[in-house]
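Just so it is clear, none of the values below were taken in a lab; they were calculated from the coordinates. It should be emphasised that the depicted structure is a prediction, and the values quoted were computed from it without experimental measurement. Here the Cβ is made from the backbone with ideal geometry for all residues, glycine too, and neighbour counts use every protein chain on show.
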Amino acid sequence: MPLPVQDQAWPPPHIHRELRLYEQWGAWYGGDPDHLARVYGANQVHGIGLDPKGWDRPQPGVTGIMNRVSRWFWGSPTPSGQVRNTKLHIPIAGDICSTSADLLFSEPPTLRVKGKNGQKRLDSLMHEAGIYGSLLEAAEVSSAYGGVFLRVGWDTEMYDHPVLSVFPPDAAVPEFRYGALFAVTFWRILREDEKGQVWRHLERHERGRVYHGLYLGTSNKLGKPIPLTEHPETEIYADKVDETGGFDTYFPRGLLVNYVPNMRPHRLIRGTALGRSDYQGVEHLMDALDEVWTSLMRDIRLGKGRIVVPDLFLENLGRGKGATWDPDKEIYSGLGMLPPPGTAPNAMLTISQFAIRVTEHVESGKALIAQILRGAGYSASSFGEADGSGRQLTATEIHSRDRKSFSTRGRKTGYWTPSLQWLAEALLSVDLGVWGTKVTPERAEVHWPDGVLPDPEALGRTVELFNRAQAISLESKVRLVHAEWDDHQVTAEVKRLRDELGLTVPDPDRLDEVLIPDASGED
């Protein structure tokens, strides 16, 4: 189905609930206090985060709205008479997303295809196109918004290889069929003038086709289509589209777009194929954490020592200019009155020093952080919290300590594996169709690393024991030490070792059948 030709509401009304969730999660991910205040309705009547169960219901009135606002720390207004907003935000939401991405792609998976030429070209594309960096970005966005869209494209004027783009779900209108992405329409605002006119670019992906359209409308209306040449950012597509407004994608088997859910099921929207954010269910705890640390900073501000002095200690600066007090002044002018009997001069000074409840606030913050991370599916140790022993842990102990984090990682790899298989085939298909490379597009096998680097000393002892028992070949040694290497890297390393050690092989095609000289120098 091509792009719309008639004016309609935009974004479409059927995704309003999802967009409200994306705006709420995006505010936590961005970490901007002003954005959080706007989303949760501080200093205003309406807000998105007032009542998660009542977004789509008519608001009962100002009193009811303000009651719901008070449930959120970020929804409470700045107290009257306070000169500035003193709310403090702890960016734990951003830490959750970056840690999730690191657990998945800090050690990237290996994509393998059957053809030798195809494997060599795929490895080249993964490095030249910066695919691994894009996957880290996509994993972080997916953690925050509950999912992410990957799009394979090309630009022959800038690149000599396909490119991978990452799109957050709040910039797309997806269509699912049996839980799989059937079609999707990306949209972005290109320009908005002072008259309220809005230029939007729509990019629709269907099986084997991509459509581009430029629309002139308003803030909530799509408007009517106008020629792509009317805006410089869409002009590049004008000579590529046909009379239907689209062109072929060189990938007839499916879409050049894939949706990767973060985690399923979605706990707020039943039956949807969309994923849920790592923040879902812990927003109120993150809100409480900000309130705790704001309270701590308030104690620090109020705990500053203050001295209250009588008027007679102040030095008048003149009419209308106020008065000052110099705490280092040694001699004051005589008083025109006698102090009360038995009153010492220093008793006329009042020193205020409030207690700072550091321990109470810190312990409360730690408890909230532990609950937030547990609710998001991670272990506190994955965020740098030490176990207190002070000793270096082995890989097995790290797996045991971070069990919850690695369980979450294991679930997420189950959603990423089909998408990475699709990615290899899509990259090779575009590479073949646009640049005519001599490769056969195919889905890749995905091999994930363990996620924890093994102890080098323990690994060395293992290799040495197998070597003494003559139970391991040279190639197997290399694969054991460098589990992340592909076949080409292993073969090259084996050849270098043979050359350095002077090893001989009776059959060049079987590198594992080597004769190692003994101590006497005889074979």
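For the reader, a short list of remarks on this structure follows.
- Other residues with beta-carbon under 11 Å from the beta-carbon of Asp160 carry, at +1 per Lys or Arg and -1 per Asp or Glu, a net charge of -4.
- For the residue pairs Lys195/Lys221; Lys116/Lys412; Lys195/Lys240; Lys87/Lys366; Lys87/Lys304; Lys114/Lys412, alpha carbon separations beyond 22 Å are given by Lys116/Lys412; Lys195/Lys240; Lys114/Lys412.
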